[in-house]
């Protein structure tokens, strides 16, 4: 019985570690005008996205991981924060209908190395005009 319980605990732990997107279920927030995730990492928008839709999939999403929401998240009532459904069916946080991403090149809280990348198509997300 103990061995079976330990096996299930190990399996549950492995599943949690294998699903990093589920760890980012908290709504992003403002920090001195910029938008960050729950770990304080800078978030970005992509100019090739259209309102409510992500154009960053597959290889792009490996370098620019989408800020995923949990299945139970619904956005907020004021309309600034919303959740879109990605091509792969996952839920992603958006600010004023612009999907949000982290950048693989940012290694620590406060890094902003993705700003201006891709011939200026990637920009640091800010709270300009948002509540």
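Here's a check for you: in the range 116-126, which residue that is over 16 Å from the mean Cα position of the chain (by Cα) and in a loop (DSSP other than H, G, I, E, B) is farthest from residue 54 (Cα to Cα)?
We begin by selecting, within the range 116-126, every residue over 16 Å from the mean Cα position of the chain (by Cα); these are 116-121.
Next, only the ones that are in a loop (DSSP other than H, G, I, E, B) stay: 116, 121.
Working: 116: 18, 121: 13 Å.
Across the range 116-126, the extreme among qualifying residues is 116.
Could you check, for the range 76-90, whether at least one of its residues is in contact (Cβ under 8 Å) with a residue 24 or more places away in the chain, out of contact with any strand residue (DSSP E or B) (no Cβ under 9 Å at 6 or more places or on another chain) and on the phi < 0 side of the Ramachandran plot?
yes
Tell me which residues, restricted to the range 74-91, are farther than 10 Å from residue 27 by Cα and not in a loop (DSSP other than H, G, I, E, B).
84, 85, 91 - these are the residues of the range 74-91 that are farther than 10 Å from residue 27 by Cα and not in a loop (DSSP other than H, G, I, E, B).
Determine whether residue 71 is touching a strand residue (DSSP E or B) at 6+ places or on another chain (Cβ under 8 Å) and either loosely packed, with under 12 Cβ neighbours inside 10 Å or part of a helix (DSSP H, G or I) (or both).
Working: touching a strand residue (DSSP E or B) at 6+ places or on another chain (Cβ under 8 Å): yes; either loosely packed, with under 12 Cβ neighbours inside 10 Å or part of a helix (DSSP H, G or I) (or both): yes.
So residue 71 passes the test.
Looking only at the range 49-61, count how many residues are over 14 Å from residue 92 (Cα atoms) and surrounded by 13 or more Cβ atoms within 10 Å (Cβ to Cβ).
So the count comes out to 1.
Among the residues of the range 92-105, count how many are over 9 Å from the mean Cα position of the chain (by Cα), part of a loop (DSSP other than H, G, I, E, B) and touching a residue at least 60 places away in the same chain (Cβ under 8 Å). Please lay out each step first, then the result.
At the first step, the residues of the range 92-105 found to be over 9 Å from the mean Cα position of the chain (by Cα) are 95-98, 103-105.
Applying the additional criterion that residues be part of a loop (DSSP other than H, G, I, E, B) yields 96-97, 103-105.
Filter once more, so that each one left must be touching a residue at least 60 places away in the same chain (Cβ under 8 Å): 103.
Counting residues in the range 92-105 that are over 9 Å from the mean Cα position of the chain (by Cα), part of a loop (DSSP other than H, G, I, E, B) and touching a residue at least 60 places away in the same chain (Cβ under 8 Å) gives 1.
Every read-out reported here was derived from the displayed coordinates using simple, explicitly stated rules and does not represent laboratory data. As the structure is a computational prediction, the values presented were derived from the model and not from experiment. When we count neighbours, we look across all protein chains shown, and the Cβ atoms used for this are built from the backbone with ideal geometry, even at glycine.
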